[in-house]
Amino acid sequence: MGQRLRRGLCMLALLALAGCTTPTAAGVQIPTYSPRREALSYFPDTAPVVAIVSTDPQDPGLRRLAAAGALEPLRRVAQRRHVYFEQLRGLLGNDAVVGLPHAGGPPLAVLTTHDATALDTFAHAREIAGRATPAGHYRGTDLYAEKGWAFGVRDRVLLVGAAIPELLEALDTRVSDHAFDAAQMT
């Protein structure tokens with residue numbers, strides 16, 4: 001991924017992490033499923049940069065960024081990659097997690113959606129249009145390669161990275177003992 005895309009992803013970083021646990025009557029914290037926790041689990045606990053990015057079009061912070069023109073570089077990159085808002089509308093709502101799994105390495109973006117069907121439709125539309133090429137299946141994830149980037153679809157999770165090896169590493173991290181733990185930030 002180019003330097004501009006890295007800057008654009010980092011520019012969107014909105015660091016607002018809410019708790020991912022539910023208190024019980026006895027005061028014990030029991031982890032609950034959270035799209036944010038799921039997205040964070042693809043990053044190692046040693047990741048130098050991890051940011052939460054709102055994808056809710058009605059989010060006040062995102063609306064301020066858009067009004068200020070701060071999202072324009074990301075829009076231009078998306079247009080060059082032939083990704084349009086209409087294709088992504090069904091994927092918006094949950095926060096995305098963007099970060100650098102390793103210092104100096106390529107960025108990784110993870111989005112957990114509400115609608116797995118919309119995510120599959122997005123992936124298959126890119127394949128049918130000849131923009132994405134299937135690149136295998138790993139840990140329940142369909143992998144796709146495009147010129148200059150790669151993405152994976154795992155049920156309701158979209159992973160976007162520079163190349164397939166970064167996605168494989170993220171999938172391995174998710175099931176490892178060194179995955180990022182959102183509870184550390186509360």
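When the Kirkwood hydrodynamic radius is evaluated over all pairs of different C-alpha atoms of region 98-186, what value in angstrom, to one decimal, is obtained? Intermediate results must be reported in sequence, preceding the final value.
Numbers: mean 1/r = 0.0734 Å⁻¹.
Its Kirkwood hydrodynamic radius stands at 13.6 Å.
Count charges around Ala135 for me, please; just the other residues with Cβ under 11 Å from its Cβ, Lys/Arg as +1, Asp/Glu as -1.
On the way: positive: none; negative: Glu127, Asp142, Glu146.
That sum, taken over residues with Cβ under 11 Å, equals -3.
What does the charge count near Ala179 come to, summing +1 for each Lys or Arg and -1 for each Asp or Glu among other residues with Cβ under 11 Å from its Cβ? Please report the intermediate quantities before stating the final value.
On the way: positive: Arg37, Arg174; negative: Glu38, Asp45, Asp172, Asp177, Asp181.
That sum, taken over residues with Cβ under 11 Å, equals -3.
Roll a 1.4 Å probe over the protein heavy atoms and report the accessible area of Asp95 in Å², nearest 10.
Accessible area, nearest 10 Å²: 30 Å².
What ranking, highest mean first, results for peptides 99-105, 36-42, 134-140 when packing means the other Cβ atoms within 10 Å averaged over each residue? Could you put the intermediate results ahead of the total?
Numbers: 99-105: 15.7, 36-42: 23.4, 134-140: 13.3.
Taking the mean over residues of other Cβ atoms within 10 Å, the ranking is 36-42, 99-105, 134-140.
Please compute the net charge surrounding Ala116, taking Lys and Arg as +1 and Asp and Glu as -1 over other residues with Cβ under 14 Å from its Cβ.
Numbers: positive: Arg154, Arg156; negative: Glu38, Asp115, Asp120, Asp142, Asp155.
With Lys, Arg at +1 and Asp, Glu at -1, the neighbours total -3.
The values are calculated or read from the model by the stated rules, or taken from the named source; none is laboratory data. Predicted, not measured: the structure shown is a model, and the values here were computed from it. Neighbour counts are summed over all protein chains in view; Cβ atoms, including those assigned to glycine, are modelled from backbone coordinates with ideal geometry. All accessible areas refer to the heavy atoms of the entire protein, side chains included, with ligands and DNA or RNA removed. Shrake-Rupley method; radii C 1.70, N 1.55, O 1.52, S 1.80 Å.
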